[in-house]
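The values are calculated or read from the model by the stated rules, or taken from the named source; none is laboratory data. These numbers were taken from a predicted model, which means no experiment stands behind them. Here Cβ is always computed from backbone atoms with ideal geometry, including for glycine, and neighbour counts include all displayed protein chains.
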Amino acid sequence: MGTIGIYLNTKTLQAYRASTIHAAPESPDWILVSDDSMIGMARVREIALERKLIEDPAAVQWTGRTDLPPPE
């Protein structure tokens, strides 16, 4: 089981809100960026920039699913 919070996939540039431990992504492609599941996209992008996780934080978008294959 995972952790409640906000996860970022640096490959797909998607952010995901896990509101329960059962909703946390299992793939190692998802990085927990905050254990506060109520932060907004502006803060997610700030964290991505601060932690140098991606080059273009403005490209990050929310997703409702973590089980989709990465785009080709």
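Do you know which residues across the range 56-69 are surrounded by 10 or more Cβ atoms within 10 Å (Cβ to Cβ) and either of a type in the set (Phe, Trp, Tyr) or modelled with pLDDT under 75 (or both)?
Once the filter is applied, which keeps residues that are surrounded by 10 or more Cβ atoms within 10 Å (Cβ to Cβ) and either of a type in the set (Phe, Trp, Tyr) or modelled with pLDDT under 75 (or both), the range 56-69 yields Trp62, Leu68.
Quick grid of which residues meet (1) part of a loop (DSSP other than H, G, I, E, B); (2) in contact with a His (Cβ under 8 Å, 6 or more places away or on another chain); (3) of a type in the set (Lys, Arg):
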| site | (1), (2), (3) |
| --- | --- |
| Thr3 | yes, no, no |
| Ala15 | no, no, no |
| His22 | no, no, no |
| Ser27 | yes, no, no |
| Glu46 | no, no, no |
| Leu49 | no, no, no |
| Lys52 | yes, no, yes |
| Arg65 | yes, no, yes |
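Somewhere in the range 4-18, is a residue surrounded by fewer than 17 Cβ atoms within 10 Å (Cβ to Cβ), more than 12 Å from Arg65 (Cα to Cα), free of Cβ contacts under 8 Å to residues at least 24 places away in the same chain and not aromatic (Phe, Trp, Tyr)?
no
Consider Leu49 carefully, then state whether it is among the aliphatic types (A, V, I, L, M), under 11 Å from the mean Cα position of the chain (by Cα) and surrounded by 14 or more Cβ atoms within 10 Å (Cβ to Cβ).
no
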